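Asks: Okay, here's the structure, questions in a sec.
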Amino acid sequence: MESGGETVTQVQQWSVEDRVFRMYNLFANIPPIAQTTMLELQRDEHIKYLNEGLKQLGPSFVVLDSSRPWICYWIIHSLALLGESLDYQLENNAIDFLNRCQDPNGGFGGGPGQASSIIWQDELVLLICRHCMPHLATTYAAVNSIVTLGGQIALSSINRMHDAGEIDVRACYTAISVASILNILDDELVRGVGNFILRLVSSGSSIFDSGTIPA
């Protein structure tokens, strides 16, 4: 697998893959009864961890500062899968937080203030604001979090989708998914999307998400 030109990220990924493979291999070679014991879900501990995470995260999560709606989505969706509801105060706090991630013109950024549309005549501020825009991926995470929470307060907090944004396969999926969830999907929105994706398929049938057409 290694050719001498591997990156640090690749080496770390291969290390994780090797560790996971050894865990799976160990699991596959133990008696079925032992497998059942090992697969027991510690539901109460998971619920406790998720609820605490929605209130406050440790300093190691600072690298995900621009992905905070994703953290909400992962936690809220996990609780839903466990059949657990948030208490009233925590649910309202989550809705309020996601609402503060929302751009006034539609869409959600990675955190409060990360999707601001500030109009100022100062060139520096305008330059900064061009990079403070909503993102389709975090919009997807925020909308799915809100829909999972449900209720009039949560659902009425969604404004609208934003214009412009990313141009890649992931953006196509997230935009279409959110539009479908919000019941605003129409022929105009998906016009040309299929052909766009087909143009990104190389001769080896690999799909690129860069938005560029392979040579």
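Taken together, the values in this text are just the output of simple stated rules run on the coordinates, not laboratory data. Quick caveat: nothing in here was measured; it's all calculated off a predicted structure. Methodologically, a virtual Cβ is constructed for each residue, glycine included, from the backbone with ideal geometry; neighbour enumeration extends over all protein chains shown.
Asks: So how much slack lies between residue 62 and residue 190, counting 0.36 nm per residue of separation and subtracting their Cα-Cα distance, in nm?
Replies: Extending this stretch completely gives an extra 42.5 nm.
Asks: What is the calculated FRET efficiency for residue 17 to residue 179, with r their C-beta to C-beta distance and R₀ = 41 Å, to the nearest 0.05?
Replies: The formula returns an efficiency of 0.70 here.
Asks: Calculate, in nm to one decimal, what residue 7 and residue 74 gain on full extension: separation in residues at 0.36 nm each, minus their alpha carbon distance.
Replies: 21.2 nm
Asks: How much length is gained on full extension from residue 100 to residue 28, taking 0.36 nm per residue of separation minus their Cα-Cα distance?
Replies: 21.3 nm
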